[in-house]
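Novice: Below you'll find the structure I mean.
Every number in this text was worked out from the coordinates using simple rules, so none of it is lab data. Being a predicted model, the structure only gives us computed values, none of them experimental. Note that we place each Cβ from the backbone using ideal geometry, even for glycine, and neighbour counts take in every protein chain shown.
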Amino acid sequence: MKKVLSVLLATATALTVCGGLAACGDNSGTPNADDPNTITIWAPLNSHGNDTKGYKSMIKGFKEQYPEYANYNFKFVAKGEGEVQSAMGNNPAAGAEVFFFASDHYGNMRHNNYLQPLTTEYETAVKGRDAQGTYEFVTDTDNKIYAFPATNDNGYFLWYNDQLVTEDQVKSLDTLLPACKAKGVHFNFPYDTAWYSGSFFFGLGCEFNYTDSTLTHYHGDFNTPEGKAAGAAMLRYASSDDNKISETKKVISSASSFSAGMADGSIAAAVSYVSSFADIENAVIANNTDKTTGAVDDAAVEEALSHIKATVLPTFKATVEGDTEKDYHMGTFYGGKYCGVNRAKSSEKIRVSMALADWFTNQAGQTVRFNLDGSGPSNLAVAATDAVQNSVGLKAYNAQIALGTDVNCVQGVQSEEFWGSSGISAFATGVFQQDAGFKTVSEINAKLDALAAALNK
C-alpha cells in the first residue's frame with residue numbers, strides 16, 4: 001500500500017530520536033524572558049561542543065561577522081529535538097529564541113504559530129545551498145519557508161559488529177536471530193519507543209498520517225490486512241525459539257542506550273541512527289582507557305571501531321490475508337532536523353536569532369555538526385565532500401531511504417496518541433515482552449482493532 005503524507009505536508013520529499021536530551025545541570029530550559037541581551041539556544045547536548053568544536057565554537061565567529069550583535073549573551077540549553085514542542089507548550093514567549101526540532105514536529109509548530117518565517121534574503125540562501133526536499137518540507141501553503149534545514153538524516157538503519165555477526169547474517173531476521181542466539185548476544189530493537197515501533201508496519205506499506213490540514217482527522221492502518229500481517233510477524237519473531245537465549249534472556253532487546261553493549265560485545269546489532277556512532281566510539285574509548293593513568297589505547301580503539309559496520313534494516317517474513325508468505329524489509333520513519341526562530345520574541349531578538357540560525361545551518365555550520373557527531377548534512381556542498389560520502393552510517397541511511405516509500409515513511413505529523421504511552425509502542429512492547437493478551441494471533445488482532453478505534457478519528 002503506497003504511503004501518503006498529510007495534506008499539511010503534501011509538498012515534502014525525502015529528507016536521525018525522535019529522541020533527545022532533557023535540559024541538564026543548572027539550566028532549567030526556560031530562558032530569562034526579562035533579559036533583552038540573552039539569546040537562548042535549545043539544541044541536543046551532543047551538538048553543543050565547546051570553544052573549539054560544535055555550535056559553541058561558532059559564537060566567536062558569529063560576533064565577528066555581526067559586530068552589532070556582539071553585546072548579546074548566547075546561552076546553550078540541552079534540549080532534544082523531540083522535546084521542543086512540548087517545552088514551548090502554551091507559552092512560547094518563555095521559550096528559547098533559537099531551537100532545533102525534528103521534521104515530524106513542524107506541522108504542530110506551524111499550527112501553534114511558534115515559527116517565524118524566513119525573510120526573502122534567507123529563503124534565497126537556503127534554496128541555493130540545501131537539498132530541495134529539505135526546505136520544501138517546511139514550505140507552507142503561503143509559499144514561505146518556516147525553518148532552516150539543519151540535517152538530512154532523521155531515520156534509522158542497522159549497526160552491527162562483524163566479529164559477532166556477518167554481513168550475510170544481518171540481511172534477515174531469520175538468520176540474524178539464530179546467529180545472535182548461538183553467541184548469547186542481543187539484537188537491539190527499541191520496540192518500546194514509538195519512533196521505532198512502526199518498523200514492521202512501515203515495511204508492509206501501512207499509512208500513519210493526518211488526512212486534513214487542520215490536524216483533526218487521523219488515520220493509521222493498524223487493523224488493515226497489512227497492519228495485522230505486521231502484528232503477526234512481530235509475534236512470530238517475539239515467540240520464536242530463535243529469540244530465546246535462555247528462559248529469562250531474549251535475543252531481541254530494547255535497551256534505550258545500546259552503545260555500551262556494542263562496545264563490550266553483548267549487543268551484536270542495533271537499530272539506530274547516524275550520530276549513534278559517536279556514542280559507540282565514546283564507549284569503545286572508555287573501554288580502552290586506563291583507569292589509573294587515563295591513557296587511551298589508540299590501537300585497540302581503532303581495531304574495535306573497524307568492526308562496527310552499518311547496513312539497511314533486515315528483512316522479515318509476513319503473510320498478508322489472501323496472499324503467500326513474502327519477505328519484507330523493516331522500514332524507518334525518515335526526515336530532517338531543523339533550526340527555527342521563535343516568533344513570540346521582540347523584533348530585535350528575532351533579527352539576531354534569524355542571523356544565528358542561518359549561521360548554525362550554513363555550509364560551515366553543517367560541517368561543524370558533521371565533524372562533531374556525524375550528522376548528515378542537508379547542505380549540498382557538505383553532502384558532496386569525501387568525508388560525508390565515506391561515512392559508514394550515512395551510506396547505510398541513504399541505502400535504507402533508497403528502498404523507497406513502499407518500505408519507509410516520511411516523518412510527518414503524528415497524533416499525540418500515536419506517540420503516547422498507550423499507542424503503538426505499548427502494542428509492540430506487549431508483543432515482544434510476550435505479555436498476557438499478546439501471545440496469539442487472535443489476541444494481536446484484537447489489540448490492533450482496539451488501537452485503531454482509539455487513534456483513528
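Novice: Quick check on region 165-319: of the DSSP beta bridges with both residues there, what percent are antiparallel, nearest 5%?
Specialist: Within region 165-319, antiparallel bridges account for around 45 percent of the total.
Novice: Structure shown: which of 183/250; 63/349; 63/337; 228/439; 181/439 lie over 18 Å apart, alpha-carbon to alpha-carbon?
Specialist: Going by Cα-Cα distance, 63/337; 181/439 fall outside the 18 Å limit.
Novice: Per the helix-only calculation at 222 nm, which mean residue ellipticity applies to the chain, given -39500 (n - 2.57) for every DSSP H run of n ≥ 4 and division by its residues, nearest 500 deg cm²/dmol?
Specialist: So the calculated ellipticity at 222 nm is -10000 deg cm²/dmol.
Novice: Between beta-carbons, use under 14 Å as the cut-off and find the net charge around residue 455, counting Lys and Arg +1, Asp and Glu -1.
Specialist: So the surrounding residues net to -3.
Novice: Now for a different question. Three principal axis extents, largest first, for the C-alpha atoms of region 347-402, in Å?
Specialist: For region 347-402, the Cα spread along each principal axis is 43, 20, 18 Å.
Novice: What is the order of 359, 159, 195, fewest Cβ neighbours within 10 Å to most?
Specialist: Neighbour counts put them in this order, fewest first: 359, 195, 159.
Novice: Would you mind getting the Kirkwood hydrodynamic radius of region 221-286 from its Cα pairs, rounded to one decimal in Å?
Specialist: Every distinct Cα pair counted, the radius reaches 14.0 Å.
Novice: Turning to a different aspect of this structure: When each pair of different Cα atoms in the chain is counted once in the 1/r mean, what is the Kirkwood radius in angstroms, to one decimal?
Specialist: 22.8
Novice: Over region 291-396, what lengths in whole Å, largest first, do the semi-axes of the equivalent ellipsoid take, defined as the square roots of 5 times the eigenvalues of the alpha-carbon gyration tensor?
Specialist: 36, 29, 14
Novice: Follow-up question, since we're still on this one. Would you mind counting up the charge near residue 422? Only other residues with Cβ under 15 Å from its Cβ, with Lys and Arg at +1 and Asp and Glu at -1.
Specialist: Taking every Cβ under 15 Å from that of residue 422, the sum is -3.
Novice: Now for a separate question. As a footprinting exposure proxy, order 168, 242 by other Cβ within 10 Å, with the fewest listed first.
Specialist: Exposure proxy ranking, most exposed first: 168, 242.
Novice: Once region 101-256 is represented by equal point scatterers at the alpha-carbon sites, with solvent omitted, what log10 I(q)/I(0) does the Debye formula produce at q = 0.09, 0.14, 0.17 Å⁻¹?
Specialist: The Cα Debye sum returns log10 ratios of -0.47, -0.88, -1.04.
Novice: Of the beta bridges DSSP finds with both residues in the chain, what % are antiparallel, to the nearest 5?
Specialist: 65
Novice: Roughly how big is region 349-436's charge dipole about its Cα centre, with Cβ charges of +1 (Lys, Arg) and -1 (Asp, Glu), in debye to the nearest 20?
Specialist: Dipole of region 349-436, to the nearest 20 debye: 400 debye.
Novice: Run through all the Cα pairs of region 164-283 and give the fraction in each 5 Å bin from 0, expressed as whole percent.
Specialist: Cα pair-distance distribution for region 164-283, in percent: 2, 11, 17, 20, 18, 13, 9, 6, 3, 1, 0.
Novice: Something else now. Given Cα pairs under 8 Å that are at least 6 residues apart, what percent is the relative contact order of region 316-439?
Specialist: Answer for region 316-439 is 23 percent.
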